[in-house]
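Contents: one structure, followed by commentary.
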Amino acid sequence: MERNGLIDIGSNTIRLVIFQYNQETGLNEIQNIKTPARLSQYLDDKHKMSDEGIEVLTEALHSFKKVADKFKVDNLFPIATAAIRQSTNKKEILKHVKKKVGLEIILIPEEDEAFYGSYAVTHTTGINHGITVDIGGGSTELTYFENRRIKQATSFPFGVVTLSRMFFENKDHNDKDAIKKMEKFLKNEFGKLDWINNQHVPLIGIGGSARNCARIHQSTHQYPIAGVHGYTMTFEGLKEVYQLLKKTSRDDLTTLDGLSRDRADIILPAVAVFNTLYDMMDASAFTFSRKGIREGFIMNQIANAYPGEFSRHHVRQDALKHLANEYHIEQSGAKQRVKLASSLFDQISKFRALDINDALQQLFLEAAYLYYLGKFIDSDSSSQHTYYLIANSSINGLTHKERVTLALLASFKNKTLLKFYSDETGWFASEELSDIQTLGGIVKFVNAMNISNTNTVNRMTLTKDKDGFQLDVYYRGEPIAEAYQTLRQKKHLEKVLKDDVKINFTKS
């Protein structure tokens, strides 16, 4: 068990995040607090930070250090980006903080800031190719990656605070002339990069402004599940948020659902950046990553200390393993369910054509691994807890629809509950639900074949004759519970096969 604290000193906000890590449950955020310091407003025309700005920074760091001490962090990393990086008196600032607070600020170079943000995306999402955008208060970082490896990275010396100051000072936040000038400026700046145009890959938004954009869109559409990591919008959805911000008064913005009050005056420039990039890229989607520079920095530190952790090639597998460990799923029994589910699926497929694509088959096996994880909370309502836990948990490597599909499969009890759960989102056609019911029935049946978690059943053979099907189950040990539960759940297998099934337990 290890606790790492990170103080992210940005141009707009200063934030303390405390992460807890262990190899069983992975990296988890246990504390997250911020203050809207707006350090960039304390920079004069020559980019010198005023004494007042230095004092604001010092007070925030002193306060956050006390919180970190109470949480008994093993390491505390105060990292600084554009506001201090661009300050002409940064040496004075670092010296003052060291003397007053006892912390050595780590200045993150532009290229490292882009690297850490992209590192977080490639190690926590299922996206193989894409362009990331992280717009802070005083800078904007873009990276382009292929096969989860960074190919291009750049940083622009403007962010939401500087754009607001450049185009909207002493004007309404939605001044039409200012918006046109800003959009022209952004197209000109981004046009300097020859690797942006017509990429046809996802645009991945990182950071607070992107998070607020996603939440505004979710609130507008009464989004049915929790979380914004992996949330995806079309260009129409992005333009919808942009138009909403343009037509909403400054006073009304402070109460707009999904928008943090302290971002009301700077959100429009950020969404303008997203819209401009999406249009220039002809992007395939706008996706939000909740994991950015903070997570990327900490993950990189841990990976250096524990080689092999946070593999970009096993994002999904690691996330599911950590989720299983968090809810104390017995690993041996879970792997046995996967083995039995895979074997039974293959044998059923020989007798009945199952039109199941590879993506759904993968979710089916993952559901066998996580089946009824909600029993950790209450065994009498395992199905309900399983569905809501998985559907509303942020699971790295899964899209939101994949997450809900996994929840439906891992919680499967009967057709009635399946329909009840699926009605919450309304995302599934009747054919999809039919496939989920088929696969859910198989998972429920193989769970009965290892209900004691003692792995007594080692193999099975499905055959067909004129009277129906026979399933020969070979076991070692005492399968009393398995024999009873398998007969009780036989109806699910018969529904899949559309015929009678006789089950014969044979000692191996």
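The values are calculated or read from the model by the stated rules, or taken from the named source; none is laboratory data. Fair warning: this is a prediction, and the values are worked out from it, not measured in the lab. A quick note on method: Cβ atoms are made from the backbone with ideal geometry, for glycine too, and the neighbour counts reach across all protein chains shown. Ligands, DNA and RNA are stripped out before the accessible areas are found, and what is left, the full protein with its side chains, is counted by its heavy atoms. Shrake-Rupley method; radii C 1.70, N 1.55, O 1.52, S 1.80 Å.
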message: Could you compute Rg(Cα) / (2.2 N^0.38 Å) for the range 277-436, with N its residue count?
response: 1.17
- request: Whole number in Å², please: accessible area per residue of the chain, 1.4 Å probe, ligands, DNA and RNA not counted.
  value: 45 Å²
- prompt: Quick one: if you stick a label point 7 Å off each Cα along the C-beta vector at residue 504 and residue 33, how many nm between them?
  reply: 6.9 nm
field: Label-point gap, in nm, between residue 303 and residue 150 - each point 7 angstrom along Cα→Cβ
entry: 1.0 nm
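Using only the Cα atoms, work out Rg/Rh for the chain, with Rh taken as the Kirkwood radius, to two decimals.
For the chain, the value is 1.05.
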statement: Residue-normalised 222 nm signal for the chain, counting each DSSP H run of n ≥ 4 as -39,500 (n - 2.57), nearest 500 deg cm²/dmol, is -15000 deg cm²/dmol
- request: Equivalent ellipsoid semi-axes for the range 1-82, as square roots of 5 times the alpha carbon gyration tensor eigenvalues: give them largest first, rounded to whole Å.
  value: 29, 12, 9
task: Return, ordered by residue number, the residues of the range 130-160 whose backbone nitrogen is under 20 Å from a label point located 7 Å along Cα→Cβ of residue 194.
output: 131, 142-146, 150-156
field: Within-14-Å neighbourhood charge of residue 107 [Cβ basis; K, R +1; D, E -1]
entry: -2
task: Please determine, in degrees from 0 to 90 and to the nearest 10, the orientation of helix 293-305 with respect to the longest principal axis defined by the Cα atoms of the chain, where the helix direction is its Cα long axis.
output: 60 degrees
Loop-located chymotrypsin sites (Phe, Trp or Tyr not before Pro) in the range 1-108 whose Cβ has at most 16 other Cβ within 10 Å (DSSP): 71
field: Alpha-carbon centroid distance for the pair the range 58-117 / the range 193-211, whole angstrom
entry: 28 Å
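For a Förster distance of 51 Å, can you work out the FRET efficiency between the beta-carbons of residue 184 and residue 255, rounded to the nearest 0.05? It would help to have the intermediate numbers written out before the result.
Values: r = 31 Å, r/R0 = 0.61.
Using R0 = 51 Å, I get an efficiency of 0.95.
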field: Angle in degrees between helix 382-391 and the longest Cα principal axis of the chain, rounded to the nearest 10
entry: 30 degrees
field: Accessible carbon and sulfur surface of the chain relative to its total accessible area, %, 1.4 Å
entry: 46 percent
statement: Hull volume per residue for the range 133-220, using the convex hull of the C-alpha atoms, in Å³ is 126 Å³
field: residue 128-residue 50 pseudo-label distance in nm [points 7 Å out on the Cα-to-Cβ vector]
entry: 5.3 nm
statement: Among the range 137-160, those whose backbone N falls under 14 Å of a label point 7 Å along Cα→Cβ from residue 111 are 150-155
message: Viscosity 1.306 mPa s, temperature 10 °C: what is the translational diffusion coefficient of the range 75-165 from Stokes-Einstein with a Kirkwood Rh over Cα pairs, rounded to a whole number of µm²/s?
response: 110 µm²/s
